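Below is one structure, written out as structure tokens; the observations come after it.
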Amino acid sequence: MLSHFVNRCFFALLLSMVIFLAPLVGFAQTKSDLPNTILILDGSGSMWGKIKGGHKVVIARRAIGASLSAFEDQLNFGLMAYGHRRRGACNDIQLIEDLAKLNPLKISRRVKRVKPLGKTPITDALLKAITRLQKEKTGGSIILLTDGPENCRRDPCALINSQLAKDQNLTVHVIAFSMQPKEAKSLACLANKSGGLFLSANTQKQLSDALSATLKATLKGPGAVAVVEPTKSRVQRIKAELTLTARLGQSSSVLNEGLLWKLNRLNNENSPEEDMPSLGSAKGSPTFDLNAGAYRVVAQYQGFEITKDITLKKGDTRSEQIIFNLNRLQLPVGWASANSRSGFGKLLLQRQDTKEIDAKTTLIELTDKEQTQLIPAGAYKLIGVDNGNLQSWFIHAQAGKVTSLPIWENTGRLRLVLRDETTGAPLEEPVVRIFSRRETDKQTPHEIPQSALQFETARSTSKAPLFDLKAGKYWAKIDDGFASKIVNFDMLAKQLTKITVALERATLNIGFEKDDPLTNHTLSIFQINKTGQETLLGTTSQLDQKLTLPPGHYRLSLVTGQAGNTINKTVELKAGHAQKVTFSNVTTPTSFVISNRDDPLSRHQIFWQLFEKSGALIWQSTKPYPRLHLPKGEYHIKAEIGDDIYSRQFTLKNKDKLELDLANSLQK
């Protein structure tokens, strides 16, 4: 009896504790309640590259540490890296920190241990991260931070397509750090296909902002909760939602009236399905609920039609925008009216910047009221006859803008004669931009505000383009891809203003110290901007010709055909001058070593940089024992191992071999 009584009392006490604690359980957020996020960090050797602010890997460490602190305990966070342990290994991928409540201090310490070294296996790293996230019921997000594209012969876009077909609870955000636009574009598919963010960053602040933006986005992803509430059944969308909008130009307002939309389902041959009726709408911004598949969107507006093919997936919520690329031409009252200002009954509109025959001329009938006519954006000549007198105007119609017909009473005509200063020949297809200028503006500014832009021509084949402008003050900026120039002028009503603009270019000649047939050599030309960043302009093997380039600073990298040696030179090209650069094809095998820092850790952390006497960087490497061929000259070698910097200047003469030891060159 006594034991039975004790058991009943214990059960009652236990039940009361459960009832008392039950309401408190909802306030505790468990690990499974938090969004899952894995950061994939680029640990390839290129992360030792230097940009403004220091080495890219150092900037990344600071940005990650600064960004994570605001999200402590709000995410299940994992850290993965690739290319940080072995050179040339495409399988060098490591999950450094598994998913757990975010501890910024712990992650920052782990990030500091990542030492860039090897290749960039983005596809396999994504696959490992996706495999790990798939173990979580709610899926998750991946943040890829990289300074280069895939270089292990894999296709990350194909991977993301196949994975999204299996798992919709996956989002990939991409941060392209100090990447060229073309390389960065190769990774945009990862974010576009999965609904993630695609961001570019070139500074520490931009990188911190990009990381913060992607981390905020993960909080809105699958599994993110602000307050734990009773679990609700998740309803998965079967259909896709498509919203359509249209504009005359990229920056103009959305069209709300006068539109006609048609939507057709496409078959496997990319043709409208005959047994499926078209969907239509006359709304400005219609929304359709559609089954997954391929569709053709047709937008019609005042006689103009744009067609766009799209593909929708199950559960998609898409917004598609149609740009008609049209301008509104404001026409005056015709001559037959008592209110006439123009004196014309008809105008002939001639397209100046297209080779399409049916788009060259249009006859416009003027009425007794002012009217607006839509025309494709571009350059036009308008011609009218007033009592036997021929009169014409030149206008540049911009997409989404309103262009008023210039009246000769308050406008003047600008004629630009564009030529090459050195040869006197007309410029080939220059770009001309006309900007308005105020009384308080400088006559020759370093930069012109974009808001002052009035007209911008495409690359014109006209040797002397014409512009009709209202009376006032203007700048004209002429750019032919090799050089640019800004001129200021005053436009007077009823007058023709003629301006001759001559662009100065620089000429580069290549020479050698010894007789050389100039064959089997390859020259790469890099342009250096004010911040020291280099852009490859092109590669040529035709060294017996003069090279025409814009004035500025350049690095010339010559690979000789005889021994495959690389010789680097820096040069400043001045406008209107011919510059000769002489290469010495006599080189010395040169190697570098730090004999007192030969431990394994130092060998994996070393970063070499070689400078010319002028201070120009001509070579960098992370190899522990680098060897290269150098022409005679004065140089400065620098090596960084962690916080230690070894530095030494040396002069190279014609020798058979040189080994330079920097053991006693530690900077203090």
Heads up, I need the accessible area for C157: 1.4 angstrom probe, whole protein in place, Å², nearest 10. 30
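Applying a 10 Å radius around every beta-carbon, put 94-107, 521-534, 195-208 in order of their mean neighbour count, most first.
On the way: 94-107: 16.4, 521-534: 14.8, 195-208: 18.6.
Ranked by mean Cβ neighbours within 10 Å, highest first: 195-208, 94-107, 521-534.
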Using label points projected 7 Å from each Cα along Cα→Cβ, tell me how many nm separate V417 and E365, to one decimal. 4.4
Residues with amide H under 5 Å of I594's amide H, sequence separation 5 or more or different chain, H placed in the peptide plane at 1.01 Å from N; which? L662
Using only the alpha-carbon atoms, what does the stretch 121-184 span along each of its principal axes? Please give whole angstrom values in decreasing order. 37, 20, 16
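By the scheme Lys and Arg +1, Asp and Glu -1, what is the net charge of all other residues having a beta-carbon under 15 Å from that of K473?
Working: positive: R437, R438, K442, K470, K477; negative: E439, D441, D490.
Net charge around K473: +2.
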Tell me, what is the 1.4 Å probe accessible area of E136, in Å² to the nearest 10? 40
Please list, ordered by chain and number, the residues whose modelled amide H lies under 5 Å from the amide H of I96; skip anything fewer than 5 residues away on the same chain. L79, M80, A81
Leaving out ligands, DNA and RNA but keeping every protein chain, what accessible area does D644 have, in Å² rounded to the nearest 10, with a 1.4 Å probe? 60
Under a 1.4 angstrom probe, counting protein chains only, how are I434, I323 ranked by accessible area, largest first? I323, I434
Counting DSSP beta bridges in the stretch 43-202, what percent are antiparallel, to the nearest 5? 40
Within the stretch 103-142, what whole-number % of the accessible surface is contributed by carbon and sulfur, with the 1.4 Å probe and all protein chains included in the calculation? 47
Would you mind checking the pairs K485/K574; K477/K498; K115/K569 and listing those with alpha carbons more than 25 angstrom apart? K115/K569
At q = 0.24 Å⁻¹, the log10 of I(q)/I(0) for the stretch 591-648 from a Debye sum over equal Cα scatterers comes to -1.00
The stretch 105-212: D in µm²/s via Stokes-Einstein (Kirkwood Rh, Cα pairs, 4 °C, 1.567 mPa s)? 89
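Ordering K308, K182 from largest to smallest accessible area (1.4 angstrom probe), what's the sequence? Each step should come with its number before you reach the end.
Details: K308 70, K182 185 Å².
Result, largest first: K182, K308.
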Taking a cut-off of 14 Å, what percent of all Cα-Cα pairs in the stretch 154-199 are separated by more than that? 46
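Might you report the magnitude of the Cβ-based charge dipole of the stretch 594-668 about its Cα centre, with Lys and Arg at +1 and Asp and Glu at -1, to the nearest 20 debye?
The calculated dipole for the stretch 594-668 is roughly 280 debye.
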Ranking by accessible area, most exposed first, for R505, R627 with a 1.4 Å probe: R627, R505
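The values are calculated or read from the model by the stated rules, or taken from the named source; none is laboratory data. Since the structure is predicted, the reported quantities are computational estimates derived from the model, not experimental observations. Cβ sites come from the backbone with ideal geometry, for glycine too, and all protein chains shown count toward neighbours. Surface areas here come from the heavy atoms of the whole protein model, side chains and all, with no ligands, DNA or RNA. Shrake-Rupley method; radii C 1.70, N 1.55, O 1.52, S 1.80 Å.
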